[in-house]
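In what follows, a structure is listed as structure tokens, so that the remarks can point back to it.
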Amino acid sequence: MIRYLSLYREFLIQRFKILMEYRVNFIIGSTSTIFVQAAGLLTIWVVMRQIPSLNGWSFDEVLMIYGLVTLAKSINHMFADNLWTIGWYYVRSGGFDRFLVRPIDPLFHLLADRFCHDGIGNFLVGAALVVKSSVSLGLVWTPLKVLYLVSAVLSGGAIFMALNLITATSAFWLMESIPVTQVIFNTHEFAKYPLSIYHKGISLILTWLIPYGFASFYPASYLLGRDVGAMAWLGPVVAAMLLAISYRVWLVGLRHYSGTGS
Amino acid sequence: MMRRLRRTLAIYGSVASMTPKTFLAYSIWVWVEFFLQIMAMIIFVYFWRAVYAGGGALNGLSLRQTLNYILLAQIILPLAQTRAVFRFGFIIREGQLIIELLRPLDFQAAEYADSIARLGLYLLLKLPLVVIAWLFFGLQLPANPAVWGAFAVALVLGHAVLFFFDWAYACLAFYTTETWGLSVVREGVAAFFSGALVPLAFMPGWLQGVANALPFAQGLYVPISILSGIAPLSDVPRLWLVQIIWLVSMLAASRLIFRVAVRTVTVQGG
């Protein structure tokens, strides 16, 4: 474990050396997602300025939901973005073989190969939203609540990673995984708003099948003092289970991998 | 004169006819976009229903009108996304720029032919989406053929405005060589100010001012408000005129900027 942590540090240092070669690109890349977030946020602001609440959620409360899912997404974006590229960049080119002959876990190698600076912008936006929301609502941050927030964001990040890992594994069969990953990944858009605005079936799917609800709606409800029962505490459990499942799926895929012979 | 014109049309016509073939080769992406758009529609329908839960009209628009507008905007939205940035990035990286410039036809005109063919193909491919929106989300389409005609003209004009704007914007790639970030910025700004996420009527005055000062609304808000009935037919000539002014100035700007920017390019030895 410690060996892997220090290895990750080495990978990170190398990655930053590469990134710093192209400083302008680094800055554009890390800040550009802020514009996309701004589009979504401006929309919510423009609309909610004119109505008292969205299904009983005030503007600042919706920002908390939006902020939590954005933070969780940014964790995945920074540390596991390479799951998107596995098909076209590693498997199809045969570059994946490189990971298999090295004395470290291939999944670790894949993730550590590319820290993605593009996620920094999302992280900043998410953090700003949580701060703005809690200041406007006058939330009191006890140490327990801070711990809850950190664990909620990490669990949310893990849910993003696990779902992306499951879908990325399809690359071992299809040579290309982005289409599948994209469709599942995009369902997180639902989790930017209170799950209670949707049909019951949709919120069930986002709780038990594609559990992005645990990355936003349930922890936000708890932090805002709304009663969602045990759901407030299930996030880390769901994340751990999903990670375990996704790792099994990955191992099955890995066994299936036979290289492209190029 | 006539023969030359016919020859020119034949050349650019064959460029345009290549577009469907490349599309068919990547049909998986057509499906992905299809799923994503249905997903976005579902989210928007529930979001707007919750917004209108209090009943009545907001900014003079009823729930029905707003949903009609938003559903149509979501179907058209991918058209307002940029392609030129990626295309320029690609031809610079691969060293293809030289080849494009050496060809005995106008580079921009050839790309436009490709782009307009994409527009037609796109509309065809999206027909199932329109049917789904009509069946499940209560989309209403106008019965008056004049509205359809006005929409078609506004769409082609607006598409051209965005095409020439993107041409000028993509010239930034000659300086930065970074394209992902450029396209993300462009997409974020366009998604909001084109009116794809929320009708311009909802925005406070100063934001509407910004939206009108940017070209994106010409490509999306204008045609969609005609088709969804937000803009009455009597307003159409004025809307067209504004679009044409945008079109002419963007065309001039894009050619000028390209001529300046292309001098700076260092083609990587691909």
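For residue B:134 and residue B:210, what is the calculated FRET efficiency with R₀ set at 30 Å and r taken between the beta-carbons, to the nearest 0.05?
Working from the Cβ atoms, E equals 0.35.
Please give the calculated 222 nm ellipticity per residue for chain B, where each DSSP H segment of at least 4 residues contributes -39500 (n - 2.57) and the sum is spread over every residue; nearest 500 deg cm²/dmol?
It comes out at -24000 deg cm²/dmol, rounded to the nearest 500.
Please average, across the residues of B:49-55, the number of beta carbons from any other chain that are within 10 Å of each residue's own beta carbon, and give a whole number.
Mean partner shielding for this stretch: 5.
So for each of B:253-265, B:65-77 I average, over its residues, the number of other beta carbons within 10 Å; can you give me the resulting order with the highest mean first?
B:65-77, B:253-265
At a Cα cut-off below 29 Å, give the lysines reachable from residue A:73, other chains included and same-chain residues fewer than 8 away excluded.
A:17, A:132, A:145, A:192, A:200
Using the Cα atoms of the range B:2-264 to build a convex hull, what is its mean projected area in square nanometres?
That works out to 15.7 nm².
Which whole number gives the average, over all residues in A:194-200, of C-beta atoms from other chains lying within 10 Å of the residue C-beta?
Mean partner-chain Cβ count within 10 Å for A:194-200: 3.
Size of chain A along its principal axes in angstrom, Cα-based, largest extent first?
61, 41, 34
So if I place +1 on the C-beta of Lys and Arg and -1 on the C-beta of Asp and Glu, and nothing else carries charge, what would the dipole magnitude of the protein assembly as shown be about its Cα centre? I want it in debye, nearest 20.
The dipole of the protein assembly as shown has a size of about 640 debye.
Averaged across orientations, what area in nm² does the convex hull of the alpha carbons in the range B:25-161 project?
In nm², the orientation-averaged hull projection of the range B:25-161 is 11.0.
Could you estimate the translational diffusion coefficient of the range A:26-135 from the Stokes-Einstein equation, with Rh from the Kirkwood formula over C-alpha pairs, at 25 °C and 0.890 mPa s, in whole µm²/s?
154
Along the positive direction of the dipole of the protein assembly as shown (beta-carbon charges: Lys, Arg +1; Asp, Glu -1; about the Cα centre), which of B:240, A:174, B:39 reaches farthest?
So the residue we want is B:240.
Hey, got the Cα dimensions of the protein assembly as shown along the principal axes, in Å, largest first?
That works out to 77, 62, 38 Å along the principal axes.
For chain A, which DSSP H helices look membrane-span-like by this rule: Cα extent along the axis of 18 Å or more and mean Kyte-Doolittle of at least 1.0?
Qualifying helices, which must be both long enough and hydrophobic enough, are A:23-48, A:119-137, A:143-168, A:231-256.
At q = 0.10, 0.19, 0.25 Å⁻¹, what is the base-10 log of I(q)/I(0) for the range A:94-194 according to the Debye formula with one equal point scatterer per Cα and no solvent? Please give it to two decimals.
-0.43, -1.15, -1.49
Tilt of helix B:127-136 relative to the longest C-alpha principal axis of chain B, in degrees (0 to 90, nearest 10)?
It is inclined by approximately 20 degrees.
Can you give me the Cα centroid spacing of the range A:68-110 and the range A:180-237 in angstrom?
What the calculation gives is 26 Å, centre to centre.
Positive end of the charge dipole of the range A:2-256 (Lys, Arg +1 and Asp, Glu -1 on Cβ, about the Cα centre): tell me which of A:89, A:50, A:139 has its Cα farthest that way.
About the Cα centre, the residue reaching furthest to the positive side is A:89.
Sticking to Cα atoms, compute the Rg of the range A:214-262 to one decimal and its Dmax as the biggest Cα-Cα distance, whole number, in Å.
Cα-based Rg and Dmax for the range A:214-262 come out at 17.7, 57 Å.
Eigenvalues of the Cα gyration tensor times 5, then square-rooted: what semi-axes does that give for the range B:135-270, in whole angstrom, largest first?
Semi-axes (√(5λ), whole Å): 32, 17, 14.
For peptide B:199-209, compute the average count of partner chain beta-carbon atoms within 10 Å of each residue's beta-carbon.
Average neighbour count from other chains, rounded to a whole number: 2.
Read the figures in this text as sums done on the coordinates, not as results from a lab. Quick caveat, the model's predicted, so the values are computed rather than measured. All Cβ positions, even for glycine, are placed from backbone atoms using ideal geometry, and neighbour counts span all protein chains on display.
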